[in-house]
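Peer 1: The following block contains the structure, expressed as C-alpha cells.
The values are calculated or read from the model by the stated rules, or taken from the named source; none is laboratory data. Since the structure is predicted, the reported quantities are computational estimates derived from the model, not experimental observations. Positions of Cβ are backbone-derived with ideal geometry, glycine not excepted, and every protein chain shown enters the neighbour counts.
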Amino acid sequence: MIFVWIPLSIVCLGIVAAFLQRRYIRKNGISAEEQNRAEEPDAETCCGLHAVCEKESLLAAAGQEIVYYDDEELDVFQGRPSDSYTSGETALFADVLYTLRSSEVAGWVRSLQLRGVSLPDALKDEVVLIVGERRR
C-alpha cells in the first residue's frame, strides 16, 4: 500500500510546484517572453504584427503552449473578426494592453493569435507603436 502512495505523493508535489512557479513568475513580473528567450534566441526578430512576418511568427509559435497574461476573459471573443468589436469590448482589450509592460506586448499578441482571438482594429496601431518602440 505504501508503494502506491509514494509515487502519487511525488506527482502531486510536482503539480503543486509547477503551479507555484507559474504564480511566482506572474507576481514578480517575469514575462513568459523573457522566460522563453533563452530557448528561442530569435524571438525578437519578428513581432507577428506585420503581414510579412505574421506567417513565420505563427509557425514558430504553433508548437508553444499558450501563455495567459491574466486575460482569460478575452477567450469569449474567439473567432470574432477584428472589426466587429463594440467600444466596451475594445475597452476590455485596452485594459489588458495598458497593464502590460512594453516587453510583454508582442507575447500577448502572439498569445491572442494562438487562442484565435483577434485584436480590435482600434488598438492595432497602438500595439504596433509599442512593439516598434520596444524593438528600437
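Peer 1: Working carefully through the options 123, 129, 92, 49, find the one that is at pLDDT below 65 and of a type in the set (A, V, I, L, M).
Peer 2: The conditions single out 49.
Peer 1: Just to be sure before I move on: is residue 87 polar (S, T, N, Q), surrounded by 13 or more Cβ atoms within 10 Å (Cβ to Cβ) and either at pLDDT 90 or above or in contact with a strand residue (DSSP E or B) (Cβ under 8 Å, 6 or more places away or on another chain) (or both) in the structure I sent?
Peer 2: no
Peer 1: Okay, next question. Can you tell me how many residues in the range 74-110 are part of a loop (DSSP other than H, G, I, E, B) and among the aromatic types (Phe, Trp, Tyr)?
Peer 2: 1
Peer 1: Can you pull out every residue in the range 87-129 that is in contact with a Ser or Thr (Cβ under 6 Å, 6 or more places away or on another chain) and among the charged types (D, E, K, R)?
Peer 2: Within the range 87-129, 104, 121 qualify.
Peer 1: Looking at (1) modelled with pLDDT of 90 or more; (2) over 18 Å from residue 135 (Cβ atoms); (3) surrounded by 10 or more Cβ atoms within 10 Å (Cβ to Cβ), find the lone condition where residue 19 falls short.
Peer 2: The one condition residue 19 does not meet is (1).
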